[in-house]
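K.L.:
Take a look at this one; I'll ask things after.
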Amino acid sequence: MARRASIGAFSLPSAGGCLSPSALADRIEGYSRASSFLAGAVFASLMAMMWLAYLSIKRAEVIPYVADGGVFGCEVKIVAPPTAGRPQS
C-alpha cells in the first residue's frame, strides 16, 4: 500500500520510490505482452466478423421487389447487360 501524506482532512498518495531499471523493464515487458494479446484479439475478431459477414451475404436468399402500388409488389427481373459491338434491336 502506498504511503500517505496527510494534509488536514485530505490524504494524497506520496510519490513512488525509485525502481531499478530491471524492474521497470519487467513492467514494460508485461505491458507489451498484454498489448500484443489485445491486438491479436482485436485482429482475430475483425477477421471473424469479416468472415461471418461474407457467409451471411452468401447464404441470404434475397429476391428484390419493387413497390408498384399493389399489396405485394413486383419482383425485379435481372436483365443481362448488352454485349459490345452488336446493335440493340
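K.L.:
So for segment 22-65, Kirkwood radius off the Cα pairs, Stokes-Einstein at 37 °C and 0.692 mPa s: how many µm² s⁻¹?
P.N.:
Answer, rounded: 246 µm²/s.
K.L.:
Testing the spin-label approximation: label points 7 Å from Cα along Cα→Cβ at Ala39 and Ile57. State their distance in nm.
P.N.:
Here the modelled spin labels are 2.8 nm apart.
Every number in this text was worked out from the coordinates using simple rules, so none of it is lab data. Predicted model, so just to flag it, every value in this text is computed and none were measured. Virtual Cβ from ideal backbone geometry, glycine too; neighbours counted across all protein chains shown.
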